1. Counting pairs of alpha carbon atoms under 8 Å apart in space and at least six apart in sequence, what relative contact order in percent does the stretch 1-48 give?
2. Please report, in debye to the nearest 20, how large the charge dipole of the chain is about its Cα centre when each Lys and Arg carries +1 at its beta carbon and each Asp and Glu carries -1 there.
3. 222 nm [θ] for the chain, helices only, -39500 (n - 2.57) per DSSP H run of 4+, per residue, to 500?
Amino acid sequence: MTIPQLAGKLGISRIAVWNKVKRGEIRAAKVGRQYVISARDARIAAGEELSPERKRWLEAAVDRVVREYGPVLKRLSRE
């Protein structure tokens, strides 16, 4: 997928996508004069799939909440 195609999918400008690519928020490979974004990275950018880093962060957050609030959550589930 190219930057203009991803911009259309996300509903944002090509410049906004290009800036995200330059900042490393969206992974892309330069092929000739264009940047190409893999289908998986496009899904991650669109929020349709979690990146591995985001998935690890989310799992750690869930583990922390269960560890800290487990008894309260069990009580709430009985009500």
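Derivation of every value follows stated rules applied to the coordinates shown; laboratory data play no part. Predicted, not measured: the structure shown is a model, and the values here were computed from it. Cβ: placed from backbone, ideal geometry, glycine included. Neighbour counts: every protein chain shown.
1. Values: 45 pairs, mean separation 18.9, N = 48.
Worked out over the stretch 1-48, it gives 39 percent.
2. Values: 18 positive and 9 negative charges, 44 e Å.
Charge dipole of the chain: 220 debye, to the nearest 20.
3. Working: 4 runs with 52 residues, N = 79.
Helix-only estimate at 222 nm: -21000 deg cm²/dmol.
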